[in-house]
1. Pop a pseudo-label 7 angstrom from the Cα along the beta-carbon direction at both Arg222 and Glu247 and give the gap in nm to one decimal.
2. In square nanometres and to one decimal, what's the mean projected area of the convex hull around the Cα atoms of the range 1-85?
3. Between Leu182, Leu82, Leu106, which gets the highest mean-square fluctuation from a Gaussian network model of the chain, Cα cutoff 10 Å?
4. Roughly what would the spin-label model give for Leu230 and Thr12, points 7 Å off Cα along C-beta, in nm?
5. So what's the back-of-envelope 222 nm ellipticity for the chain, counting only DSSP H runs of four-plus at -39500 (n - 2.57) apiece and dividing by all residues, rounded to 500?
6. Name the residues whose placed amide hydrogens come within less than 5 Å of the amide hydrogen of Val225, ignoring near sequence neighbours (fewer than 5 apart) on the same chain.
7. So what is the accessible area of the range 108-184 per residue, in Å², with the probe set to 1.4 Å?
8. On a full-extension model of 0.36 nm per residue, what is the gain between Val198 and Ala131, subtracting their alpha-carbon distance, rounded to one decimal in nm?
Amino acid sequence: MVLIAVAGGTGTAGRAVVAEAVARGHAVRAISRHLPDAGDPRRVPGASYVTADFRTGNGVAAAFDGAHAVVETLDARTGAALKALPATSVAVLAAASRAGVGRGVLLTIVNAAECSMGYYQVQASRARSYASAGMPTSVVYATQFHDLVAGVFSAGARVGLIPAFPGVSFQPISTADVARVLVDEAVAGLDGAGHHSVRAGGPSVWTMKALAEQWKSATGRRGIVTSMPLPGAFGTFLRAGRNLVPEAAVGREEFGDWLAERS
């Protein structure tokens, strides 16, 4: 039986990976700095949970012991935790190599290297570490999650304005669809050496305005869908469509269907 260790196994993407791997009959070890309590919704039945801290190294050797593949879904948005992410990914790779893990798999963002925003540059740095690692690795470049897009609209609705940036489209993908690709790489990649990369986009490209209207209709939230500018490097990146990969539309669940499941 294949044992997959998931670094960040209690986060949004990590939980989806754990659930997908368990559903396929693999042994799964979810790794996080804090162990979720019994009954915590972050726990997936059938998976084991261990604590480890990749910044200090505490518990890491035991967490990777016997693992055939490691999937890294660790993330941070701001501050010191974000700045530490590249070094954390290097630590994950070093520990996986010492443990004799067959393949390391990283989740990151489509075309992150082309955006000068700090968060995107951090993601690009992590991908470079995996691409040049001294062990077999895969990098999965994904488009924006349904959760993220919905979160932008929800934040705007709290002040009565649901943003729709002119000239911007998204190709949102569900965490379950991304998890399928990550587990595919973890398992199939055990048969080959070297480095591999794959892009994973949602099933369709939608204008931000169309997505906002879908979100408002499905949730019943108040607020006006409002056209507003998005200046700076991130706006330029999005208007150029660099967040899209229509040729890699591997996702199955549309944004509207995802919303309907949660209404």
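The values are calculated or read from the model by the stated rules, or taken from the named source; none is laboratory data. For clarity, every value in this text was computed on a predicted model and none was experimentally measured. Please note: Cβ atoms are built from the backbone with ideal geometry, for glycine as well, and neighbour counts cover all protein chains shown. Note: accessible area is taken over every heavy atom of the protein model, side chains too, but ligands, DNA and RNA are not part of it. Shrake-Rupley method; radii C 1.70, N 1.55, O 1.52, S 1.80 Å.
1. About 4.7 nm, to one decimal.
2. One quarter of the hull surface, i.e. the mean projection, equals 5.5 nm².
3. Of Leu182, Leu82, Leu106, the most mobile in the Gaussian network model is Leu82.
4. The two pseudo-label positions are separated by 1.4 nm.
5. Details: 9 runs with 105 residues, N = 263.
Per the formula, -12500 deg cm²/dmol.
6. Hits under the 5 Å cutoff: Ile162.
7. Result: 32 Å² of accessible area for each residue.
8. 22.9 nm
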